[in-house]
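**Q** Have a look at the structure that comes next, please.
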Amino acid sequence: MAHLRCDFFSDTLALSTSMTVLLPQPTSGQIGMAGAASEQPPPVLYLLHGLSDDDTVWLRRTSIERYVADLGLAVVMPQVHRSFYVDGAHTGAYWAFVAEELPHIVQRFFRVSDAREDTFVAGLSMGGYGAMRLALHRPERFAAAASLSGALDVAELAEHDDLDVFRHIVADTPIAGSDDDLFAQLDRVDPARIPPLHVTCGTQDALLGHSERFVARAQERGLSVTSAFGPGDHEWAVWDRAIQDVLDWLPLR
């Protein structure tokens, strides 16, 4: 596969930022990894990082390049800092960046498919929230979405998190019932329009309740949800296994 670290300017953020990108490459002489690609633009997975990470972390903590090589799948990993993928009072317009500007930039820079059936999103922790928010707010864009140990209940997080991470981002804006609240959005969406969801979390993870409540509400609303809860904490050993399960689950054409 081709591995690129792309530095570029975002008009939405009004600053320079970066993304790490993996692009499929068919190979015949490479030892240990063959690779795959077709003549058509490849499908693409937007893979989102967590609160303390950046766009390079998936490559440094997992073997994501090796996992996707035989799938012919492009992977786009954007940098969003500690924004929680929302338009924050103190962080910048990161929701507008990820939801609107980034897909256009990816299409302009790289030869990847822009078809809904070829476009997927997944993320861990903060990125799990970002992935579910994209699936619920932009269902016409994605064929599937996955959350790995997602911080999915941001109203609860803002009320009880001693670090005040989410409250700092949104300042005095009410959270419960807002566009930031995934549970409120679940009550608003047309279940028939939402892509299949995959929610996984370790059973020793402090955020386990977020995923369990989200799955229960989504199932009540009639959404297609696959859930996987097994041993593990909020750690890369869990996410390295989980992303392989997610890749196996993706409805790749």
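**Q** Any residue that is in contact (Cβ under 8 Å) with a residue 24 or more places away in the chain, of a type in the set (Gly, Ala, Ser) and under 24 Å from Leu223 (Cα atoms) - is there at least one of those in segment 87-103?
**A** Within segment 87-103, one or more residues are in contact (Cβ under 8 Å) with a residue 24 or more places away in the chain, of a type in the set (Gly, Ala, Ser) and under 24 Å from Leu223 (Cα atoms).
**Q** If you don't mind, there's one more thing I want to ask. Does segment 215-225 contain at least one residue that is of a type in the set (Ser, Thr, Tyr), exposed (fewer than 15 other Cβ atoms within 10 Å of the Cβ) and either more than 19 Å from Leu124 (Cβ to Cβ) or at pLDDT below 95 (or both)?
**A** Scanning segment 215-225, I find at least one residue that is of a type in the set (Ser, Thr, Tyr), exposed (fewer than 15 other Cβ atoms within 10 Å of the Cβ) and either more than 19 Å from Leu124 (Cβ to Cβ) or at pLDDT below 95 (or both), so the answer is yes.
**Q** Is it the case, given these coordinates, that His198 is surrounded by 17 or more Cβ atoms within 10 Å (Cβ to Cβ), out of contact with any Pro (no Cβ under 6 Å at 6 or more places or on another chain), at pLDDT 95 or above and not charged (D, E, K, R)?
**A** It is true that His198 is surrounded by 17 or more Cβ atoms within 10 Å (Cβ to Cβ), out of contact with any Pro (no Cβ under 6 Å at 6 or more places or on another chain), at pLDDT 95 or above and not charged (D, E, K, R).
**Q** Filter segment 226-253 down to residues that are surrounded by fewer than 19 Cβ atoms within 10 Å (Cβ to Cβ), over 23 Å from Ile194 (Cα atoms) and among the aromatic types (Phe, Trp, Tyr), then give me how many there are.
**A** So the count comes out to 1.
**Q** Of all the residues that make up segment 11-42, how many are outside any loop (DSSP other than H, G, I, E, B) and touching a Phe, Trp or Tyr at 6+ places or on another chain (Cβ under 6 Å)?
**A** Here the count works out to 1.
**Q** Free of Cβ contacts under 8 Å to residues at least 40 places away in the same chain and closer than 21 Å to Ser10 by Cβ, is that true of Gln79?
**A** For Gln79, the condition - free of Cβ contacts under 8 Å to residues at least 40 places away in the same chain and closer than 21 Å to Ser10 by Cβ - is not met.
**Q** Restricting to segment 178-232, and then to whatever is assigned to a helix (DSSP H, G or I) and polar (S, T, N, Q), can you tell me which residue is nearest to Arg141 (Cα to Cα)?
**A** Gln185
The values are calculated or read from the model by the stated rules, or taken from the named source; none is laboratory data. Everything quoted here is computed from the prediction, not taken from an experiment. For neighbour counting, all protein chains shown are included, and Cβ atoms are generated from backbone atoms with ideal geometry for every residue, glycine included.
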